[in-house]
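Chemist: Quick one: the structure is below, questions incoming.
The values are calculated or read from the model by the stated rules, or taken from the named source; none is laboratory data. Quick caveat, the model's predicted, so the values are computed rather than measured. Don't worry about glycine lacking a Cβ; one is built from the backbone with ideal geometry, like all the others, and counts go over all protein chains shown. Heads up: the accessible areas ignore ligands, DNA and RNA and are worked out on the full protein's heavy atoms, side chains in. Shrake-Rupley method; radii C 1.70, N 1.55, O 1.52, S 1.80 Å.
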Amino acid sequence: LRDNRIELVRASWHELSISVSDVSLSDEGQYTCSLFTMPVKTSKAFLTVLGVPEKPQITGFTSPVMEGERMQLTCKTSGSKPAADIRWFKNDKEVKDVKYIKEEDANRKTFTVSSTLDFLADRNDDGAVLSCRVDHESLNSTPQIAMQVLEIHYTPLVKIISSNSWPEEGQTIILTCESKGKPVPEPVLWTKDGGELPDPERMVVNGRILSISFLNKTDNGTYRCEAKNPIGRNSTEYVLIVHDVFNTLLPTTVIPSLTTATVTTNVALTTSTTTSATAISARDPNALAGQTGPDHALIGGIVAVVVFVTLCSIILLGRYLARHKGTYLTNEAKGAEDAPDADTAIINAEGSQVNAEEKKEYFI
């Protein structure tokens, strides 16, 4: 071996050692050690040289990228032997849907490897970090990494937040217009029902905040917040309905007051109606004004009719029983009523029938 990069490290009758510095791919091959004896003895070893991949580079990125545009980013590395492995990551999460290409270099010993990532730009990817990682056995478990931060421009996203979910007359409501976009949107524009705000004294705009004081029914309507940037514009609406305070308190205040007045008035009328009013109050404590107790005249009339029908029935039954005749003697026994004894009665009886049978007659 005759090369300035090869040095003799140790030489003796038992050992011969050499070192090779600045190893290159041309150093790969079979090495032979010979011992010149009779006969000559040799020993052989094959040296494999790994091709270290170059630091990867990401191409195809133009900044900024508009939302919805298609992006094709390519990561490439050369000089690897054997061919290196390339993987993509987005915010430390691996992306699987990529295209992998391996090509042989001009020296026919190393390889150039590339990987292409194809996707549509989305506003959620703004600020995301794309990483291209090259793994190879020559790197001793320390991969080479190239990174690219995404910058995506998009139209504003607008949302209105209300400080009061149930606005009432006389109150103050604050509407906040949140707008997010890139570039940052310009100051927002507030309108009502398609026109300017009708009352600037009560409707005050401070940046993105609309404050409406002393609410009344004329403030009802649709409020629109619009934001724009060089990419485009967007808007959202909020429907304001001002509620009446009186209608809100009526179910809980007015009805109990009417109920109390009704019960008190019924009790104070007369002594005869106190029991009825108390019974009514006990049965329905929530009775409304205008409700009265039972109709006593109607009840009295029903009782009178029942008594009259009962009396008529008793009279008819008495007349029927009175017409029932008792036991009396026939004509053959006439004249025997005044006899002092039985024998005389038989003798005095008309027809003198001693063994006359007693007969009964009924009037039909």
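Chemist: How many residues does region 1-36 contain that are under 18 Å from Thr48 (Cα atoms), of a type in the set (A, V, I, L, M) and surrounded by 10 or more Cβ atoms within 10 Å (Cβ to Cβ)?
Modeler: Final tally of qualifying residues: 5.
Chemist: Checking Leu73 against (1) open to solvent by 80 Å² or more (accessible area, probe 1.4 Å); (2) assigned to a strand (DSSP E or B): exactly one of these is not met. Which one?
Modeler: Single failed check for Leu73: (1).
Chemist: Got at least one residue in region 181-191 being over 24 Å from Glu69 (Cβ atoms), without any contact (Cβ under 8 Å) to a residue 40 or more places away in the chain, surrounded by 14 or more Cβ atoms within 10 Å (Cβ to Cβ) and aromatic (Phe, Trp, Tyr)?
Modeler: yes
Chemist: Name the residues in region 200-215 that are surrounded by fewer than 15 Cβ atoms within 10 Å (Cβ to Cβ), touching a residue at least 12 places away in the same chain (Cβ under 8 Å) and more than 11 Å from Ile173 (Cα to Cα), would you?
Modeler: Gly207
Chemist: Next up: In region 130-178, how many are touching a residue at least 60 places away in the same chain (Cβ under 8 Å) and on the phi > 0 side of the Ramachandran plot?
Modeler: 1
Chemist: Can you tell me how many residues in region 109-146 are within 16 Å of Glu94 (Cβ to Cβ) and open to solvent by less than 40 Å² (accessible area, probe 1.4 Å)?
Modeler: Summing the residues that are within 16 Å of Glu94 (Cβ to Cβ) and open to solvent by less than 40 Å² (accessible area, probe 1.4 Å) in region 109-146 gives 11.
Chemist: Would you tally the residues in region 35-53 being assigned to a loop (DSSP other than H, G, I, E, B), without any contact (Cβ under 8 Å) to a residue 60 or more places away in the chain and either in the same structural domain as Lys109 (by the TED database) or of a type in the set (Val, Ile, Thr) (or both)?
Modeler: From region 35-53, those assigned to a loop (DSSP other than H, G, I, E, B) are 36-40, 48-50, 52-53; that's our starting set.
Going one step further and asking which of them are without any contact (Cβ under 8 Å) to a residue 60 or more places away in the chain, we end up with 36-40, 48-49.
Next cut, either in the same structural domain as Lys109 (by the TED database) or of a type in the set (Val, Ile, Thr) (or both) only: 37, 40, 48-49.
Of the residues in region 35-53, 4 are assigned to a loop (DSSP other than H, G, I, E, B), without any contact (Cβ under 8 Å) to a residue 60 or more places away in the chain and either in the same structural domain as Lys109 (by the TED database) or of a type in the set (Val, Ile, Thr) (or both).
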